[in-house]
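Asks: Input: one structure, supplied below.
Please treat every number below as a calculation from the coordinates, not as lab data. Quick caveat, the model's predicted, so the values are computed rather than measured. With ideal geometry, Cβ positions are generated from the backbone for all residues, glycine too; neighbour counts draw on all protein chains shown.
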Amino acid sequence: MKRGHFLRHMAWTGLGVLWTFDAGAGLFRPRSVGEAAAASLPGLNFVQISDSHIGFHKPANEQVDVTFQAAINAINALKVPPAFVVHTGDLTHLSKPAEFDQVKQLLSGLKVPLYTLPGEHDVIGDRGKLFNDLFAGKDRREGMQSWDHSGVHCVSLTNVLDFAATGQGQIGQPQLDLLAKDLAPLSNETPVVIFSHIPLFDAYPKWGWATSDAKQVNTLLSRFASATVLSGHIHQVLQRTEGRIQFATATSTAFPLPAPGVGEQPSPVVLPEKERRAATGFRSISLMSDRQLKLEEHPLG
Amino acid sequence: MVSSLKYLSNVFLSLGFLSLATATIPNGQAAQTLTSVNIDHFKFMPGVLQVHTGQTVNFFNKDGDPHTIASQDGSFESPALDTGDSWKHTFTKLGTYTYICTLHPFMQGNITVTGEKQ
Ligand SMILES: [Cu+2]
């Protein structure tokens, strides 16, 4: 792809900017960090990291282990330690045992609890057996895992094992049934955060950047006053709101992918190192006690 | 480019060898000809292919990105094929098989297996 297109895109996605969700207007708004400090106290603070692709050795990033380590170091150095870190998939590039060993070793450097879910790069050839052996939370069933922290209900979903005829991700009925059961006891006032690898909104269906049965998740989430869906897969920040549900995708720690439909195919974008560092990183999330959501992007350079 | 030329010459060599071998089998077994599907620019080429039972298809990834081959009925699935990797599958049952790349599931191909070559 042409670099100009890519940079223009990064400008609108606003890496390095703090975004808050204005529930009244149904919009994400950029704010300066100074403004944010004056806002209400956070109820829950956590980090999303994604698409480390350990094992990738191509010009878009010859040292994905080094950039992943840099992200881990930056997370460990955050002034307010996150309650936990969620890795939203594609830990490895090709599901190889050596790649899993390496990413597990790197992740063991995190000082706070870790939750993971698989990307399609983590389940090649074995429907995720190796991934599950190494990273399964003890409560994961049908690919789903849920936990509570500071009054916030969190759920991670798997949507990379089966694909609809259209080439989109799929959650599958057994997991959707389990999600319905999991959410049923919650009051409408409980803030809910859902994690998935492939986005649960139509980011770009032609490249499979969508989930065929995501509408059923939206239906389950529609009664909640605060519902946030955080995903990976597309190696860039895109934000969307549907009703009261707020969607956001994350950058990779390895390399960016083209903006939706820019170029012929979703191949890694090769950038000079400085620009690549600015287009990769992790995100911290604060759910304030007044249910205000803050997303802060932390580029690696 | 060099590696794909080398690859093509290997295919021609093995095709030549196999047809020679078939000719010497006295009891009329099916020809074990090798057919290729190339992967390039996020496409399987040819995307639609007809083979005979017992025929082996060699999938070769010429692309800069890794891909996989997985039938939608679950009957075959390759490991990850990175640039320059190949993987073979022998088709023994009649039918039409739709397959995708699990890394880029919008990539689809079709292989129809007909009766044994006479
Ligand atoms: Cu592919």
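Asks: Reachable lysines from A:Lys79, Cα under 22 Å, same-chain residues fewer than 8 places away excluded?
Replies: Within reach: A:Lys111, A:Lys294.
Asks: Now for a different question. Between B:Leu34 and A:Thr166, what is the spin-label point distance in nm, taking each point 7 Å from the Cα along the Cα→C-beta axis?
Replies: It works out to 4.0 nm between the two label points.
Asks: If you don't mind, another one. Over the whole of B:94-107, what's the average partner chain Cβ count within 10 Å per residue? Rounded to a whole number, please.
Replies: That works out to 5 on average.
Asks: When you look at the Cβ of every residue in A:244-256, what mean number of other chain Cβ atoms sits within 10 Å?
Replies: On the way: counts 0, 0, 0, 0, 0, 0, 0, 0, 0, 0, 0, 0, 0.
Partner Cβ neighbours, averaged per residue: 0.
Asks: Still on this model: Under 14 Å from the 7 Å Cα→Cβ point of A:Ser187, by amide nitrogen: which residues of the stretch A:243-278?
Replies: Zone members listed by number: none at all.
Asks: Hey, got the average number of other protein chain Cβ atoms within 10 angstrom for residues in B:62-69? Please report the intermediate quantities before stating the final value.
Replies: On the way: counts 0, 2, 6, 5, 7, 0, 5, 0.
That works out to 3 on average.
Asks: Explain nothing, just the number: relative contact order of the stretch A:3-298, from Cα pairs under 8 Å at least 6 residues apart, as a whole percent.
Replies: With pairs under 8 Å counted, the relative contact order is 23 percent.
Asks: Spin-label point model (7 Å from Cα, Cβ direction): what's the A:Lys206 to A:Asp177 distance in nm?
Replies: Distance between label points: 3.8 nm.
Asks: Applying a 10 Å radius around every beta-carbon, put A:153-166, A:235-248 in order of their mean neighbour count, most first.
Replies: The most tightly packed comes first, giving A:153-166, A:235-248.
Asks: As a test, work out the antiparallel percent of DSSP beta bridges whose residues both lie in the stretch A:147-282, rounded to the nearest 5.
Replies: Restricted to the stretch A:147-282, the bridges split so that about 40 percent are antiparallel.
Asks: Right, here's the next one. Residues in the stretch A:261-300 near a label at A:Gln63, defined as backbone nitrogen under 20 Å from the 7 Å Cα→Cβ point?
Replies: Inside the label zone: A:269-282, A:299-300.
Asks: Something else about it: Return the lysines within reach of A:Lys274: Cα separation strictly under 19 angstrom, same-chain partners fewer than 8 residues apart disregarded; answer none if there are no such residues.
Replies: Output for A:Lys274: A:Lys2, A:Lys58.
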